[in-house]
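Derivation of every value follows stated rules applied to the coordinates shown; laboratory data play no part. All values derive from a computational prediction rather than experimental measurement.
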């Protein structure tokens with residue numbers, strides 16, 4: 001497995017997320033300073049705000065997973081399933097370079113009820 005390739009993928013994605021989060025923060029600040037003229041404007045503003053925050057939360061979670069994957073690379077543990085300890089297939093890592101689980105274990109985790 002080409003660790004350097006995956007590290008570059010992770011770093012590129014991290015940089016993109018940081019840019020996105022910065023842009024989202026600016027947009028949220030602009031939304032808060034928007035003059036509201038009627039109920040329709042207020043509803044639209046609230047919806048935009050909720051969507052922006054949901055995107056921000058999702059990207060924040062992905063950023064944490066990327067940081068964890070980069071740490072695993074540094075520790076020589078990258079590409080190993082956290083559940084079964086087997087190697088994660090390179091194709092899966094190309095699609096999701098911060099994957100924690102192999103395909104089989106991912107399916108098990110997704111079927112578990114959320115706590």
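Return the equivalent ellipsoid semi-axes of segment 41-97 as a descending list in whole Å, where each equals the square root of 5 times an eigenvalue of the C-alpha gyration tensor. Write down the numbers at each step before the final one.
On the way: eigenvalues 250, 26, 14 Å².
Gyration-tensor ellipsoid for segment 41-97: 35, 11, 8 Å.
Please give the length that would be gained between residue 111 and residue 5 if that part of the chain were fully extended, namely 0.36 nm times their separation in residues minus their C-alpha to C-alpha distance (nm, one decimal). Don't skip to the answer; put the middle values down first.
Numbers: separation 106, 0.36 × 106 = 38.16 nm, distance 3.13 nm.
This chain segment gains 35.0 nm when fully extended.
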Quick one: helix 3-32 against the long Cα principal axis of the chain, what's the angle to the nearest 10°, folded into 0 to 90?
-> 10 degrees
Run the numbers on the chain and let me know its relative contact order in percent, using alpha-carbon pairs under 8 Å that are six or more apart.
-> 27 percent
Working from Cα positions, state the angle (0 to 90°, nearest 10) between the long axis of helix 39-75 and the longest principal axis of the chain.
-> 20 degrees
In angstroms, what radius of gyration and Dmax does the chain have, counting Cα atoms only?
-> 18.7, 58
How big is the gap, in Å, between the Cα center of segment 40-78 and the Cα center of segment 7-24?
-> 10 Å
